[in-house]
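No lab work stands behind these numbers, since they all come straight from the coordinates. Keep in mind it's a predicted model, so treat the numbers as computed, not measured. A quick note on method: Cβ atoms are made from the backbone with ideal geometry, for glycine too, and the neighbour counts reach across all protein chains shown.
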Amino acid sequence: MNQSIHFLKPLDGDCLTDKAGVLGQDGTLAVAVRVEAPAGRELTVCGMPARYAAGAYFATVPLTGYQNRLIAEDDLGNRTEITVYRLSRATNCYRLSLDDNIWCLQDIAANKDTYTSIFDNPYFALLREAHLRYGAKIHANLFFETPKDGGFTLREMPDKFRHEFTDNADWLHLSFHAKAELPDKPYIDTDYDRIAGDFADVKREILRFAGEDAYAEAETTVHWGECTPEGLKALHDHGVRALAGYLIWNEKRDCGVVSYHLDRAKTAHASEVGIWKDAATDMIFSKIDVVLNSGTLDSITAQLDAAWETYPQKGFWEFLMHEQYFYPDYRNYLPDFKERIFAALDWAKAHGLTPAFLSETHLES
C-alpha cells in the first residue's frame, strides 16, 4: 500500500447492501468511492477516472459480485487496494435473536412425559406466535448449563422433539452462546481450547436433540460479546463466520461493549456501516440495533426510528432479547416481554423489512 493514497469510503472489509448505491438494470450496484491523495494527480479507481473536489478524489464503481477488489492508482505509479463485499440478500432484512437460552429447554425436559410439543412450553409458544404473525425468523443462542432449580445441562434435553425442531428449522435456529451465564464475560481472556470445548459441548447436544437443520453453525453471539483473537480463531475453525454485537465503545472505560476484541476505530467503523468483515480473523461483525429488554417499551420504536434516519444505507437490522426476562420469578422480569418483541416486529413490518437469518444474507453463496 502506498501511504500517499488511501480509501476514505468505503473502507476495507465494508459489507454493502443495495441501499449503499444505485442498482443497475444489469444487476450491478454502483457505489460512490472517495479516495484521499495529493491534488493534481490523474487518479483512477478500478480503471475509472476520478475527479478531484474538496480535498479528495471521487469515482463511481460497479460492484458485480460478493467480493470486490477496489484498486486506486495515480499517474506516478502509486497504488492501493481494498476489498469490499456486496450483500444483496441483506437489503431490507431483519432477524430476531435471543440470548441466554436454557430455561425453556429445562422446562421441556422436566415435562417431557406430559408435553406433546415444544410449543407446550410458553416461551417457545411465544416464539411461534411471532413467526406465525410476522413471519419472523428467530435465532436462539444457548447456554450449556444452568444452576436454576437444582441444575440442568443440555445433556438432559430429550430427543423426542427432534422432528419438531427439524420441521420448524425454516424459521427457528439454535446455536452456541456460552457454557453458562456466570462468570460474566467468560471469554474475554479465553485461550483456544476453553471456548472450543464449550462450543463443541453445545453443538453436540443441539445436533442430538434438535438435528442438523435446526443447528446454526455459521452465526452466533458470544455471551457478553467479548472474545480474544485466539478464541475467534477457535470459533472460525468450528465454522462460525458471523458474530452479532452491540459494537459500542465506552468512552469512560475506554473499552468496547459487546464488541469482541475490536479496537476503538474498528468498533466505531463497524457500528457505522452495520456489517464489517475483519480480514485478520475472516469474521463478519454485524450490529445489533436494539436490545429489547433495555429501556422502555416506547423507547424501542424511537430508537429504531433514530437509527433509520441516521444510517440511510443500512440494509440489515437485528433485534435482540434475553430469555430470562420472560419469567415472573426472574428479578428483572418484564411483564411486557411479548409486547417489546412485537413492537420491533411491527416496526420491521411498517418499514418493509423481510425476515432472514444472518447466514442467508451475510455470507457468500
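Table for the structure above
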item	result
For Ser97, Ser117, order by how many other beta-carbon atoms lie within 10 Å, fewest first	Ser117, Ser97
Cα gyration tensor shape for segment 240-330, rounded if a/c is under 1.5, else prolate or oblate	prolate
Mean Cα-pair separation over length for the chain, i.e. relative contact order, pairs under 8 Å, 6 or more apart, %	18 percent
Stretchable slack from Leu182 to Ala280, in nm (0.36 nm times residue separation minus alpha-carbon distance)	32.3 nm
Highest-MSF residue in the chain out of Ala348, Ala280, Ala180 [GNM, Cα springs under 10 Å]	Ala280
Antiparallel content of DSSP bridges confined to the chain, in %, to 5	55 percent
Computed lengthening from Arg331 to Ala30, 0.36 nm per intervening residue step minus Cα-Cα distance	103.3 nm
Ratio Rg/Rh, restricted to the chain and using Cα atoms, in which Rh is the Kirkwood radius	1.01
Per-residue HN-Hα couplings for segment 50-62 [Karplus 6.51, -1.76, 1.60; θ = phi - 60°; Hz; x = Gly/Pro]	9, 9, 9, 6, 6, x, 8, 9, 10, 8, 10, 10, x
Helix-only mean residue ellipticity at 222 nm for the chain, each DSSP H run of n ≥ 4 adding -39500 (n - 2.57), per residue, nearest 500	-8000 deg cm²/dmol
Shape of segment 109-214, Cα gyration tensor, a/c cut at 1.5	prolate
All-pairs Cα distance distribution in segment 6-86, expressed in whole percent, bin size 10 Å	19, 53, 24, 3
In nm, spacing of pseudo-spin labels at Leu297 and Arg79 (7 Å Cα→C-beta vector)	6.1 nm
Amide proton proximity set for Met321, modelled H, under 5 Å, gap of 5+	Ser97, Leu98, Asp99, Leu292
Rounded to whole Å, sorted largest first: equivalent-ellipsoid semi-axes of segment 193-276, Cα gyration tensor	27, 13, 10
Amide hydrogen neighbours beyond the local backbone of Lys137, cut-off 5 Å, H modeled	Leu96, Ala356
Bins of 5 Å, starting at 0 and running to the largest distance - Cα pair percent for segment 284-354	3, 16, 28, 23, 15, 9, 5, 1, 0
Cβ-Cβ FRET estimate between Leu8 and Glu360, R0 fixed at 25 Å, reported to 0.05	0.20
Local electrostatic count, Ala109, Cβ distance below 14 Å [Lys/Arg +1, Asp/Glu -1]	-2
Length gained when the stretch Glu129-Ala265 is fully extended (0.36 nm per residue, less Cα-Cα span)	44.9 nm
